[in-house]
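Notes for the one structure printed next.
The values are calculated or read from the model by the stated rules, or taken from the named source; none is laboratory data. What you see is a predicted model, and the numbers here were worked out from it, not measured in a lab. Cβ sites come from the backbone with ideal geometry, for glycine too, and all protein chains shown count toward neighbours. Protein only, heavy atoms only, side chains kept; ligands, DNA and RNA dropped before computing areas. Shrake-Rupley method; radii C 1.70, N 1.55, O 1.52, S 1.80 Å.
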Amino acid sequence: MLIFTDQIHSRFHFLLMNRRSILKTLGLLPLPFGLSQSAMSENMPSSDQTPKNKDIFKELGVRTFINAAGTYTFMTGSLMQPEVVEAIRESSTAFCLLDELQDKVGERIAVITHAESAVVTSGCFSAMTLGLAGVLTGSDPKKAEMLPHLEGTGMKSEVIMQKGHFVGYAQALSNTGCKIIQVETREELEKAINEKTALLWFLHVQSDKGVINHEEWVSLGQKHQIPTMIDIAADVPPVSNLWKFNDMGFDLVCISGGKAMKGPQSAGLLMGKKNLIAAARLSMAPRGSTIGRGMKVNKEEIIGMYVALDNYVKMDHNRIWKEWEQRIAVIEQGVKTIPGIKTEVRVPSLGNVTPTLRITWDPSVIKMTTEEFREKLRAGNPSIEVMGTGDYAVNITAWVMKAGEEKIVAKRVGEVFRT
Ligand SMILES: *Cc1c(COP(=O)(O)O)cnc(C)c1O
């Protein structure tokens, strides 16, 4: 791609360029990885997720697979809705001001999610970092430049959470310079609150691992005038979770865009109180001397995230649920009569709420470890990924599969068990 730094130079060259190189400069004819002209035009972003999109993976020597595991970041999450891909392609042809776009998109997202305000972030993780940054700095841009150094600045420096809610993602909070304080009971929580307490953080997916429930958490925050934040990263479906926690009174709500919503994998939402969202944006691009500058979201993904959300809430979730159940049933039927195998379909009550097929086997009948089984599926054609869940046990979900892939999975899983 040609890049000009000098305007006059650039205009001069523009006049000399033929149509093709102009298109190329405008980014309309990307030439990725030395693809031929014909292969290239086929690789233009398209709304259909057809196998031809795999050419670039082939070119790179990167394995693609049927995802029968779920929305895992290391497996690149989910496939974007065709409408999202189309919105990304369309929005890539014009400039706009980043802040103006976040303002306008944020207003729409806030309406959908019953929040006062919202902003598109680069995932749930950065939503948490930026939301907490906003709590710490308030409306003072100079404070935003001081993060993650809190000592001697007058900013608060502690986040309280329940011990059972502590997971690796809490690093998103530590990134601001804050210390994590873990408590178990309501009494411990009230004792831990002091003038340094910035935030009370709640992790929905682990809400059964703490004694203080959502409503109580919110009311404790209100009582002590400390903002509350909830991480609901992987907690749609149900779709109502998009507004439930805003309605409940959490000051900040963070969710991933690239899981069940099938938006861009590196997008997410920070929703919440108007003053806090405005404050969080002081630590976001385009502002440069901030901890959030590296968490930039491009205009295409901002728009893609909005379209993903807007479409997601309008989907026929009952129909989709039935589709998932049918796909899982096809896979279960395909394998459950194999000697030594047990199957069970469960729906997790928290996080990744989707019909999940658990297959376990008797190692004296089927002499394979979980890893050997996964490796055989992986090595097949097409390659398939499932999740290992302990000794001689795997989980299969159907929510990020494409229609029809369940038949391939049923067949391959059966073949691997029978070998
Ligand atoms: C996936 C996940 C995150 C991180 O979300 P990203 O959108 O990938 O940044 C945070 N918290 C929990 C509980 C998650 O499951």
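Structure values in brief
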read-out: Condition met for Cys124 (more than 19 Å from Met229 (Cα to Cα) and touching a residue at least 60 places away in the same chain (Cβ under 8 Å)); value: no
read-out: Leading residue by the ranking (nearest to Met146 (Cα to Cα)) among those in the range 73-132 that are aromatic (Phe, Trp, Tyr) and within 16 Å of the ligand (Cβ to nearest atom); value: Phe125
read-out: Scan of the range 305-346 for residues that are among the hydroxyl-bearing types (Ser, Thr, Tyr) and over 29 Å from Gly123 (Cα atoms), ordered by number; value: Thr337, Thr343
read-out: Condition broken by Leu147, with the remaining ones in (1) open to solvent by less than 50 Å² (accessible area, probe 1.4 Å); (2) free of Cβ contacts under 8 Å to residues at least 40 places away in the same chain; (3) in contact with a Ser or Thr (Cβ under 6 Å, 6 or more places away or on another chain) satisfied; value: (2)
read-out: Candidate set from the range 251-280 (those that are more than 15 Å from the ligand (Cβ to nearest atom) and open to solvent by 10 Å² or more (accessible area, probe 1.4 Å)); member that is nearest to Pro355 (Cα to Cα); value: Asp251
read-out: Residue count for the range 352-398, restricted to those that are β-branched (Val, Ile, Thr), farther than 19 Å from Thr64 by Cα and part of a strand (DSSP E or B); value: 4
read-out: Residue within the range 290-310 that is buried (at least 16 other Cβ atoms within 10 Å of the Cβ), more than 30 Å from Glu415 (Cα to Cα), in contact with a Leu (Cβ under 6 Å, 6 or more places away or on another chain) and not aliphatic (A, V, I, L, M) present; value: yes
read-out: Qualifying residue in the range 177-192 (condition: more than 15 Å from the ligand (Cβ to nearest atom), over 16 Å from Ile277 (Cα atoms) and polar (S, T, N, Q)); value: yes
read-out: Residues that are buried (at least 24 other Cβ atoms within 10 Å of the Cβ) and within 15 Å of Leu199 (Cα to Cα), drawn from the range 232-250; value: Phe250
read-out: Where a residue in the range 347-367 is under 21 Å from Ile230 (Cα atoms) and within 16 Å of the ligand (Cβ to nearest atom) and its partner, wherever it lies, is open to solvent by 70 Å² or more (accessible area, probe 1.4 Å) and outside any loop (DSSP other than H, G, I, E, B), with Cβ under 9 Å and at least six apart; value: Ser349/Asp208; Leu350/Asp208
read-out: The lone exception for Thr64 - which of (1) away from the ligand (no atom under 16 Å from the Cβ); (2) crowded, with 21+ Cβ neighbours inside 10 Å; (3) closer than 22 Å to Val409 by Cα it fails; value: (2)
